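Participant: One structure coming up, written as structure tokens, with questions to follow.
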Amino acid sequence: MSEVMNDDIMAVAMLAKEFVNLIKTHEHKYDRTFSSAVKSINNDSTYTIMDDGGVNRNVRCAIPNAALRVGQYVWVKVPSGRLEDMHICGVKDSNGNERRTNAENE
């Protein structure tokens, strides 16, 4: 009986070790949204913002007919962890309240 329990304990330990290895190697593929400010408006219809790691990024705006201004606070989304698809998905009003768009459903 103790051999069976010992085998069960070893199996659980092996399973736990596999979980830990899986977590360590997992790529974070989830949407992430953070606030930033428009630093500049570029000639190619993109906006320069600073990402949450302090890197300047040129991103497009997913808000239809938006007229963003330099210094305006915006919401920026990184869908499924893909930096190349990072885009402005909403604006913050002058009171700091969030005002998102239906571009969130992309």
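The values are calculated or read from the model by the stated rules, or taken from the named source; none is laboratory data. From a predicted model like this one, the values you see are computed outputs, not experimental measurements. Glycine gets a Cβ as well: all are built from the backbone with ideal geometry, and neighbour counts include every protein chain shown. Please note that ligands, DNA and RNA were not included when accessible areas were found on the heavy atoms of the full protein model with its side chains. Shrake-Rupley method; radii C 1.70, N 1.55, O 1.52, S 1.80 Å.
Matching residues to (1) open to solvent by 50 Å² or more (accessible area, probe 1.4 Å); (2) within 15 Å of the chain's Cα centre (by Cα); (3) farther than 20 Å from LYS29 by Cα; (4) at pLDDT below 95:
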{"residue": "GLY53", "(1), (2), (3), (4)": "yes, yes, no, yes"}
{"residue": "ARG57", "(1), (2), (3), (4)": "yes, yes, no, no"}
{"residue": "VAL74", "(1), (2), (3), (4)": "no, yes, yes, no"}
{"residue": "HIS87", "(1), (2), (3), (4)": "no, yes, no, no"}
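Participant: How many residues, within the range 77-92, are charged (D, E, K, R) and in a strand (DSSP E or B)?
Facilitator: Here the count works out to 2.
Participant: For the range 42-51, enumerate the residues that are part of a strand (DSSP E or B) and open to solvent by 90 Å² or more (accessible area, probe 1.4 Å).
Facilitator: none
Participant: Something else about it: For the range 59-72, how many residues meet the condition of being over 22 Å from LYS29 (Cα atoms) and either among the β-branched types (Val, Ile, Thr) or part of a strand (DSSP E or B) (or both)?
Facilitator: Here the count works out to 2.
Participant: Which residue out of ALA62, ALA11, ALA37 is over 20 Å from LYS77 (Cα atoms) and either at pLDDT below 90 or of a type in the set (Gly, Ala, Ser) (or both)?
Facilitator: Every option except ALA11 fails the conditions.
Participant: Can you work out which of the residues in the range 14-33 that are loosely packed, with under 15 Cβ neighbours inside 10 Å and not in a helix (DSSP H, G or I) is nearest to the chain's Cα centre (by Cα)?
Facilitator: Ranking the candidates gives ARG32 first.
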